[in-house]
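So the structure is just underneath, and the comments pick up after that.
Bear in mind these aren't lab numbers, they're just calculated from the coordinates by the rules spelled out. Just so it is clear, the structure is predicted and the values come from calculations on it, not from any experiment. Glycine also receives a Cβ, built like all others from the backbone with ideal geometry; neighbour counts cover every protein chain displayed.
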Amino acid sequence: MPLNPLASRLRTLRRDLATVVSVLAGRGPSPVVPIARRAREPAVDAAAATPRGVRIERVVRETADAVTLVLRDAAGEPIRFAPGQFFTLLVRLPDGEVARRAYSASSSALDGATVSLTVKRVAGGRVSTHLVDRAREGDALEVLGPSGSFVPAPAAGPRRLVLVAGGSGITPLASIARTLLASEPQTRLALVYGNRGERDVVLRDALGALAVEHGPRFVVRHVLEVPPPGWTGGVGPLDAAALARELDAMGEPDAPTTEYFLCGPAPMMLAARGLLERRSVAPARIHEERFISAHATAPAADRPQPVTVRSRGAHHRFVVAPGQTLLEAAMQQRVDLPFSCTVGGCGACRVRLVEGRVVLHEPNCLSAEERADGYVLTCIGRPGAPCTLEVA
């Protein structure tokens, strides 16, 4: 039976308030979710999987192709999230379709009253173009979340984080920087940020202000493929060679406790990870966030496939048409399955594949351990044969 959304939200609010009181009194840990919990616990709870109404309080024009939407809960409730997490916007397009897209929070997680989502136009992207061109103050939206596990673990003492961003990959890293600089006086951060040109740098003024406010605790280094005359920062694509130059220019060698957070285009991520591994950075200290495309992929099968879902002793059967995801078919045929973001980024729809074959859109949030244990995601999974699934 579905949870009562109001009761679930009230339970979450009571838990959040208790956590904040405990932290302020020095009795509890930071309310930041440890990364190590990701493989064992859902990335969202029941309240996060229930759409909530929000209104756009302010629209900030970052570049010609990017805006920041400052959102406030329509009922005045706090918006809790951890730095690095994302929300899924439910956006009604002009043709009446309600589309879902995931956007990382770019604001500090310490605010509580609002959350800022920064949206950059994607070539051919209907939702991003709609938001960049048409979003206005006072517009009503719905959101799911927060979701995701691209979150720094609680600090055990002084530490250093190196953030590597490309393009719109700056958004979760901006949230991490804003939150930790304000809440961890002994933490030092460095950001290497690659873009095509100076006009493409999202959140440039905000990042510059943070660097001025926090002095040597926050170093920002920009790398531009097409720099303007007189540019003194890095030049070229943010590949392995460029990243190596920027890291070396910081003048501080890697330490066993330094954590690296990477977010940006796939080639940049691959190059950054390769460089860090060649420099003997332990894999456990490298964390990546990959933006998931919500576009449909080719069908996994050319004919309908029967699916059986086992959940709490009950068996539910439905048929998945070619091109449909498991979640789409289940919802169409009134089979209740857990879900949240619907783009493979949060893990709320994770189920175990007992029998059959499921093709998943890549990249997605499943860890290597989860894949080895037979888990799949129904929101981006398409059956390639008759399947049996088990809901945990």
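For the reader, a short list of remarks on this structure follows.
- Projecting the Cα positions of Ser175, Val192, Leu203 onto the charge dipole of the stretch 171-222 (unit charges on Cβ atoms of Lys, Arg, Asp and Glu, taken about the Cα centre) puts Val192 furthest along the positive direction.
- Candidates Ser183, Ser107, Ser147, ranked by Gaussian network fluctuation over the chain, Cα under 10 Å, top entry: Ser183
- Most positive-pole-ward Cα, Val151, Leu243, Cys263, against dipole of the chain from beta carbon charges: Val151
- Most mobile of Gly194, Gly53, Gly374 in a GNM of the chain (Cα contacts under 10 Å): Gly374
- Among Thr232, Thr68, Thr342, a tally of other beta-carbon atoms within 10 Å of each Cβ gives an order, fewest to most, of Thr232, Thr68, Thr342.
- For the stretch 305-390, size of Cβ-based charge dipole, Lys and Arg +1, Asp and Glu -1, in debye: 240 debye
- For the chain, the share of DSSP beta bridges that are antiparallel, to the nearest 5, is 60%.
- The Cα center of the stretch 139-213 and the Cα center of the stretch 62-87 differ in position by 14 Å.
- Packing order of peptides 379-386, 246-253, highest average first: 379-386, 246-253 (average count of other Cβ atoms within 10 Å over each peptide's residues).
- When peptides 262-270, 167-175, 149-157 are ranked by their average number of other Cβ atoms within 10 Å per residue, the highest-first order is 167-175, 262-270, 149-157.
- Cα gyration tensor, the stretch 305-390 - rounded (a/c under 1.5), prolate or oblate: rounded
- Among Leu117, Leu89, a tally of other beta-carbon atoms within 10 Å of each Cβ gives an order, fewest to most, of Leu89, Leu117.
- The chain, dipole about Cα centre (Lys/Arg Cβ +1, Asp/Glu Cβ -1), debye to the nearest 20: 700 debye
- Ranking of Ile286, Ile176 by neighbouring Cβ atoms within 10 Å, starting from the fewest: Ile286, Ile176.
- Once Cα extents along the principal axes in Å is calculated for the structure shown, the corresponding label among (1) 63, 45, 44; (2) 64, 59, 26; (3) 101, 42, 38 turns out to be (1).
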